[in-house]
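Heads up, the thing below is written out as structure tokens.
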Amino acid sequence: MTRDTVIFDFGGVLTSSPFEAFNRMEAERGLPHDFVRRVNSANPDDNAWARFERSEIDAAAFDLAFRAEALAMGHDLAGREVLARLVGDIRPEMVAALDQLTQLGFRIACITNNVRSGKGAQMSRSADHADEIAAILSRFETVVESSREGVRKPDPAIYRIACDRLGVPPDRCVYLDDLGVNCKPAAALGMAAIKVVSAVQALADLEAALGLSQGMLTSRLKPGSAP
């Protein structure tokens with residue numbers, strides 16, 4: 001099967017993982033490591049985070065609902081403090097790969113779980129950062145946002161929305177995400193799913209999935225490139 005379409009998650013793939021920032025906040029606040037991750041994984045379909053990503057609640061309601069969930073798990077943490085740490089740093093090597101894929105004739109798209117907070121599609125805290133993100137998103141043929149669709153990963157429906165808009169079957173797609181729980185439904189639909197651990201690993205796996213020669217996407221990576 002020829003795969004000619006690549007669908008990217010955004011946070012944790014094209015940017016550093018927000019969980020890195022959450023871990024720093026947890027250390028600063030004396031909270032258990034991965035506390036935010038544990039709050040967000042409890043009742044994953046109907047917790048504050050899930051409802052916010054589907055735009056069922058606004059930022060003010062999320063602030064209160066997340067704090068209630070955190071308190072129920074033994075620690076006081078307001079949702080607004082989590083939102084303030086949400087945006088990751090752009091990975092230029094991954095952005096370069098987008099341009100290389102386009103030059104090679106592949107179609108590219110994005111599926112992102114996001115919320116209506118901050119500036120722009122990726123919740124930026126400054127106008128300049130929002131402009132950088134917008135420039136990246138403009139490279140994609142289509143961008144499917146949970147906050148606009150009212151459905152979020154890992155619901156298979158959001159992957160089908162992307163495929164329908166592209167007019168391609170899932171088995172012609174490769175999907176990249178930093179969360180295994182989001183890769184599973186993509187794979188079940190027939191996509192080649194890649195769990196992103198680092199930029200080097202992700203691009204090497206993508207080359208293999210697309211049948212590209214080794215180095216076609218990673219040649220721009222410098223030795224010791226960041227994950």
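Of the residues making up region 188-213, those that are surrounded by 15 or more Cβ atoms within 10 Å (Cβ to Cβ) and in a helix (DSSP H, G or I) are Leu189, Ala199, Val200, Ala202, Leu203, Ala204, Asp205, Leu206, Glu207, Ala209, Leu210.
Being over 19 Å from Val115 (Cβ atoms) and surrounded by fewer than 17 Cβ atoms within 10 Å (Cβ to Cβ) is true of Ala27. Which of the residues belonging to region 163-192 are more than 11 Å from Lys153 (Cβ to Cβ), among the basic types (Lys, Arg) and free of Cβ contacts under 8 Å to residues at least 60 places away in the same chain? The answer is Arg165, and nothing else.
In this structure, does Glu141 turn out to be at pLDDT below 95 and surrounded by fewer than 21 Cβ atoms within 10 Å (Cβ to Cβ)? Give the steps one after another, and end with the answer.
Numbers: at pLDDT below 95: no; surrounded by fewer than 21 Cβ atoms within 10 Å (Cβ to Cβ): yes.
It is false that Glu141 is at pLDDT below 95 and surrounded by fewer than 21 Cβ atoms within 10 Å (Cβ to Cβ).
Taking first residues from region 37-54 that are modelled with pLDDT under 95 and partners that are of a type in the set (A, V, I, L, M) and part of a helix (DSSP H, G or I), the Cβ contacts under 7 Å between residues at least 6 apart in sequence or on separate chains come to Pro44/Ala50. Looking at region 136-156, which of its residues are touching a Cys at 6+ places or on another chain (Cβ under 7 Å) and not in a strand (DSSP E or B)? Within region 136-156, Leu137, Phe140 qualify.
Among the residues of region 11-22, not one is modelled with pLDDT of 95 or more and not aliphatic (A, V, I, L, M).
Please report, ordered by residue number, the helices (runs of 4 or more DSSP H) entirely within region 32-113 with at least 1 residues that are outside the structural domain of Asp9 (by TED's automatic domain parsing) and surrounded by 20 or more Cβ atoms within 10 Å (Cβ to Cβ). If you could, list the steps in order and put the result at the bottom.
On the way: elements: 35-41, 48-53, 59-72, 79-83, 92-103.
The helices (runs of 4 or more DSSP H) meeting that bar are 35-41, 48-53, 59-72, 79-83.
The values are calculated or read from the model by the stated rules, or taken from the named source; none is laboratory data. The structure displayed is predicted, hence computed values, not measured ones. Note: ideal-geometry Cβ built from the backbone for every residue, glycine included; neighbour counts use all protein chains shown.
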